[in-house]
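A quick write-up on the structure given underneath.
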Amino acid sequence: MSASSGLLSGTDPALQDSVNEGLTQVEARLREVVQSANPMLTEAAAHLVDAGGKRFRPLLALLAAHLGGGVSPAVVDAAVVVELTHQATLYHDDVMDEANVRRGVQAANARWTNTVAILTGDYLFARASDLTAGLGTEATHLQSRTFARLVEGQIAETAGPAEGQDPVEHHLQVVADKTASLISTSARLGALMAGAEPVVVETVAEYGELIGIAFQLSDDLIDVLSETAESGKTPGTDLREGIATLPVLLAHDDAALMAVLAGDLSSDAALDEALRTLRAHPALELARERMSGYVERAREVALTLPEGPARQALVALTDYVLARTG
């Protein structure tokens, strides 16, 4: 059972059972579709599948399906599509970031080579596209548009803000394209494949976009706030790598703080000092308010969905995102 099933704690038992069974089917299907005639490609493609993860995107697809006719083989395949797409981006991200570790295991680029990692990501995209074709034309168009947004978000992040562009707004657009687009598609595909009413499909997709942005902004905060690696991420990783997350961007006018953050943070002592300084800065609370605003908007959208256990679970997910940052 995936770690994502714990996000359903306190929700309707029948819904929990259905979603957990769906997640079990997703896990089996993932392992089936990453198989290749080439043993090395099979091993590389299964590498992150076997490492686990929250499976947040499949969970959302399965929950959204309960706004329609519930979980079916098509819904399971939709959940597999979004997870394969997500994992493909991770292989490519690790190459760009020169990462050594992913989900507690050696990153594919470190275990094999950059070339193998890139080609494995491409293979997972291809497998996702093949599955999507079996779900119909609308699903195929949706997958293509989502893939385009993922690339646009990555390019925008790589290029940085244009001259005169607000860095905070640029960051929020990157988050929307690079992270929230696929989370929105997860919700949309799940509802669509379950035959939900068109207005419900659109509404849960809007919810997915908002909760996706909120989820990433909470990660921005966790990088600064977490005291240990219990969150699954070493505290200060983004700071040490020079990644400008929302708290840093909101503190950009503080020259003294920026000098600290721009310094050599390779030692644990220097990183700890930078974290303490940023935690005490008003920008941290401003970032929390921004994140909370997206959570509240997601909650408001969820409350317009048809009443029932699925809506209650989607509302509960907004509470989970808030609780992640204390």
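The values are calculated or read from the model by the stated rules, or taken from the named source; none is laboratory data. Quick caveat: nothing in here was measured; it's all calculated off a predicted structure. Using ideal geometry, Cβ is built from the backbone for each residue, glycine included, and neighbour counts are taken over all protein chains shown. These area figures cover heavy atoms from the full protein model, side chains too; ligands, DNA and RNA do not enter into them. Shrake-Rupley method; radii C 1.70, N 1.55, O 1.52, S 1.80 Å.
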**Heavy-atom accessible area ranking, 1.4 Å probe, most first, across 281, 252** = 252, 281
**Prompt:** Label residue 129 and residue 280 with points 7 Å out from Cα along Cα→Cβ: what is the distance between them in nm?
**Reply:** 5.3
**Message:** Test of the criteria: in segment 136-178, which GluC sites (Glu not before Pro) are in a DSSP loop and have at most 16 other Cβ atoms within 10 angstrom of their Cβ?
**Reply:** 163
**Request:** Report, in degrees rounded to the nearest 10, the 0 to 90 angle that the Cα long axis of helix 39-51 makes with the longest principal axis of the chain.
**Result:** 70
**Asked** When Cα extents along the principal axes in Å is calculated directly from the model, which label among (i) 69, 43, 42; (ii) 67, 50, 41; (iii) 56, 48, 37 fits?
**Response** (iii)
**Message:** Just to confirm the filter: which GluC sites (Glu not before Pro) across segment 256-326 are DSSP coil and have at most 15 other Cβ within 10 angstrom of their Cβ?
**Reply:** 307
**Prompt:** Heavy-atom accessible area of residue 260 with all protein chains present, probe 1.4 Å, nearest 10 Å²?
**Reply:** 60
**Asked** When the solvent-accessible surface of protein heavy atoms is calculated with a 1.4 angstrom probe, in what order do 320, 207 fall, highest first?
**Response** 320, 207
**Fill in**
Relative to the chain, whose Cα atoms define the longest principal axis, helix 73-97 and its Cα axis are tilted in degrees, nearest 10, by 30
**Fill in**
Those trypsin sites (Lys or Arg not before Pro) from segment 161-260 that are DSSP loop and have at most 15 other Cβ neighbours within 10 Å turn out to be 233
**Item:** Selection from 195, 183, 162 lying farthest towards where the dipole of segment 136-244 points positive, charges on Cβ
**Value:** 195
**Charge tally in the Cβ shell below 10 Å around residue 186, where Lys, Arg are +1 and Asp, Glu are -1, residue 186 excluded** = +1
**Message:** Leaving out ligands, DNA and RNA, and with a 1.4 Å probe, what % of the accessible surface on the chain is carbon or sulfur?
**Reply:** 53
**Asked** Counting Lys and Arg as +1 and Asp and Glu as -1, each charge on the Cβ, what is the dipole of the chain about the Cα centre in debye, to the nearest 20?
**Response** 700
